[in-house]
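Right, one structure below, let's go through it.
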Amino acid sequence: MDLNTLVGVTAALCTTASYFPQLKKCWETGSAEDLSLWMFVILATGIALWVVYGVLRSDAVIVLANSVSLCCLAGILYFKLRELWRGTTDRGSSGDAVPVRKASAQAQPARPPA
């Protein structure tokens, strides 16, 4: 393996592995409310374009690494979109999803005696 391929494979392993801790956290907690939806949509688009680029260049390292990354991102996006569909988050002024806090009957202050 030449130096260029070694550097490419090492970079691919590092960047691809970086998604696993976040995906694991989303899986364990079932929540992605603190994550920016738009950041992950843009990142997924960029990664998908890297896959296309790798195919066009016939570069297996680029295709494989970015395909695995795209699968991890799809998992994270699933958790994020699931929260939006369930109504557990709402869009704030920045466009990112923010938690919806529903008022509970117990949280209402008691009325003072008359």
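The values are calculated or read from the model by the stated rules, or taken from the named source; none is laboratory data. If you're wondering where the values come from, they're calculated on a predicted model, not measured in any experiment. Backbone-built Cβ (ideal geometry, glycine too); neighbour counts: all protein chains shown.
Among the residues of segment 57-73, those identified as within 17 Å of Gly8 (Cβ to Cβ), modelled with pLDDT of 90 or more and surrounded by fewer than 18 Cβ atoms within 10 Å (Cβ to Cβ) are Arg57, Ser58, Asp59, Ala60, Leu64, Ser67. Could we say that Ile76 is outside any loop (DSSP other than H, G, I, E, B) and modelled with pLDDT of 90 or more here? It is false that Ile76 is outside any loop (DSSP other than H, G, I, E, B) and modelled with pLDDT of 90 or more. In segment 27-56, the residue that is surrounded by the fewest Cβ atoms within 10 Å (Cβ to Cβ) out of those that are at negative phi and not in a helix (DSSP H, G or I) is Asp34.
Screening Ser93 with (1) of a type in the set (S, T, N, Q); (2) modelled with pLDDT under 50; (3) surrounded by 14 or more Cβ atoms within 10 Å (Cβ to Cβ) gives one miss only, at (3).
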